[in-house]
Amino acid sequence: MNTYGKAFRITTFGESHGDAIGVIIDGCPSNLALDMEFIQRELNRRRPGQSKIVTQRKEPDQVQVISGIFEGKTTGTPLTLVIWNQDAKSKDYSHIANQFRPSHADYTYQQKYGIRDYRGGGRSSARETAARVAAGAIAKQILWQQGIKITAYTSQVGNIKLTTPYQQLDFSQIEQNDVRCPDPTLATQMVECIKEVRKQGDTIGGVVNAVIENTPSGLGEPVFDKLHAELGKAMLSINAVKGFEYGSGFDGVEMLGSAHNDLIYKDESGEARTRSNYSGGIQGGISNGEDIYFRVAFKPVATLMQDQESLNTQGDSVTVTGKGRHDPCVVPRAVVIVEAMAALVLLDFYLRHQQTVEIKP
């Protein structure tokens, strides 16, 4: 499916080397004055060619709204946002028209559909995520009105790790370097690592951390639509993601229950709070009002500037040669994608919760 969400539903469309990519949003509240400059800034954070450590495809990613707005405000009808492709070089992919690139979606798409768009991966390309970022930028604006803030940052590239708790980080530093790490010293090391890997014709993976602040309690469903399950689904739908954990995650298995339990108390304003937050702001699949924090692991980019063994569509052994423009590491551009997907999940649950509250007797 190409659709995500229930109350706030998005459908993305388009391919990497098609005429355009875009998104249709259904369920956006009416009378919202959209900040189009903010939407464009978010797209600029994701766009290719923004620094020397990302793909050099030159796409301005200028967004155009073609429905759902009248006199500067949303009408409540479907919003359609389009981003026209301007720098596609399809000839860079002609050599793999009948070859399957290792660890790409080439083989699986061929098996599923019996046809595939080999130009830049077609629909499986990470270029599709620009549409999600545009939709996420709208979701963020609505969430801001409720005081909900989402921040993501690079915490790891290869074996270079940022272990400082997010509460002790200066988030204003995130956009001050090309890799989007809030620790300037580690950011420099990460950038040099990516540059060196690129020189070798290779790629490397990394981790993006995220925190959602001021989430109200009560968001999420108790069984199959648990809030953390939907966040995991959203993150795992992003290209190159191989892992997701929230709260204490896998480290929690080393703790005793007496240490891991988040003890509850009443703060000065009379609100229920927890003295720790190993739950990651979610208990029983429902938000408890504490910060929601999670980590997303990205694999090394599959396209290498090296020869690799594979098969062609006839089943013959071939050598695939890497060509074209590709990221040596996806995490610098993935930061805003993680934020966008988190915003889409949170807003969808927020609107669903509002509907539930309204119908209560």
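Computed from the Cβ-Cβ distance with R0 of 22 Å, the FRET efficiency linking GLN354 to MET1 stands at 0.35. Largest GNM mean-square fluctuation across SER269, SER248, SER310, computed for the chain with C-alpha springs under 10 Å, falls on SER269. Below 17 Å, Cα to Cα, which aspartates and glutamates can LYS52 reach? Residues fewer than 8 away in the same chain don't count. LYS52 reaches GLU175, ASP178, GLU192, GLU196, ASP202, ASP327.
Computed from point charges on the beta carbon alone (+1 for Lys and Arg, -1 for Asp and Glu), the dipole magnitude for the chain about its Cα centre is near 780 Debye. Remark on ASP327: its backbone amide H falls under 5 Å from those of THR55, a criterion applied only to residues 5 or more positions apart or on other chains, H modelled at 1.01 Å from N.
Rounded to the nearest 500, the 222 nm mean residue ellipticity of the chain from helices alone is -8000 deg cm²/dmol, with -39,500 (n - 2.57) taken per DSSP H run of at least 4 residues. Here the spin labels are modelled as points 7 Å beyond Cα on the Cα-Cβ line, and at GLN167 and PHE250 they lie 2.5 nm apart. Summing Lys and Arg as +1 and Asp and Glu as -1 over all other residues whose Cβ lies under 10 Å from the Cβ of ILE148 gives a net charge of +1.
Of the DSSP H helices in the chain, those that are both long (alpha-carbon extent of 15 Å or more along the helix axis) and hydrophobic (Kyte-Doolittle mean at least 0.0) are 129-144, 331-358. Spatial offset of the stretch 227-285 relative to the stretch 189-213 amounts to 26 Å, using the alpha carbon center of each. Close amide H partners of GLN283, meaning residues 5 or more places away or on another chain with modelled amide H under 5 Å apart, are ASN288.
For the chain, the per residue solvent-accessible surface stands at 48 Å², with DNA, RNA and ligands left out and a 1.4 Å probe. For ARG123, what charge total do you get from the other residues with a beta carbon under 10 Å from its beta carbon, if Lys and Arg give +1 and Asp and Glu give -1? Charge balance in the 10 Å sphere: -1. Each peptide in 302-308, 291-297, 281-287 receives the mean, over its residues, of other Cβ atoms within 10 Å, and ordering these scores from highest gives 291-297, 281-287, 302-308.
Here mean projected area of the Cα convex hull in nm² was calculated from the structure, and among (1) 19.6; (2) 24.3; (3) 20.5 it sits at label (3).
Seen from LYS233, the other residues with C-beta closer than 11 Å to its C-beta sum to a net charge of -1, counting Lys and Arg as +1 and Asp and Glu as -1. The GluC sites (Glu not before Pro) found in the stretch 25-122 that occupy coil by DSSP, while having at most 14 further C-beta atoms within 10 Å, are GLU71. Residues TYR153, TYR118, TYR166, sorted by accessible area with the largest first, give TYR118, TYR166, TYR153 [1.4 Å probe; ligands and nucleic acids excluded]. Loop-located GluC sites (Glu not before Pro) in the stretch 220-309 (DSSP state other than H, G, I, E, B) with a sparse environment of at most 11 neighbouring Cβ atoms within 10 Å: GLU268, GLU271.
Share of carbon and sulfur in the accessible area of the chain stands at 49%, probe radius 1.4 Å. Annotation: peptides 259-266, 131-138, ranked by per-residue average of other Cβ atoms within 10 Å with the highest first, follow the order 131-138, 259-266. Using the charge dipole of the stretch 115-239 (Lys, Arg: +1 at Cβ; Asp, Glu: -1 at Cβ; taken about the Cα centre), state which of ILE148, GLY201, GLY232 has its Cα farthest towards the positive end. Final value for the positive-end residue is GLY201.
The values are calculated or read from the model by the stated rules, or taken from the named source; none is laboratory data. Computed from a prediction, not measured in an experiment: that's the story for all the values here. Every residue, glycine among them, receives a Cβ derived from its backbone with ideal geometry; neighbour counts consider all protein chains shown. When the accessible area is computed, the model is the full protein with side chains, heavy atoms only, and any ligands, DNA or RNA have been set aside. Shrake-Rupley method; radii C 1.70, N 1.55, O 1.52, S 1.80 Å.
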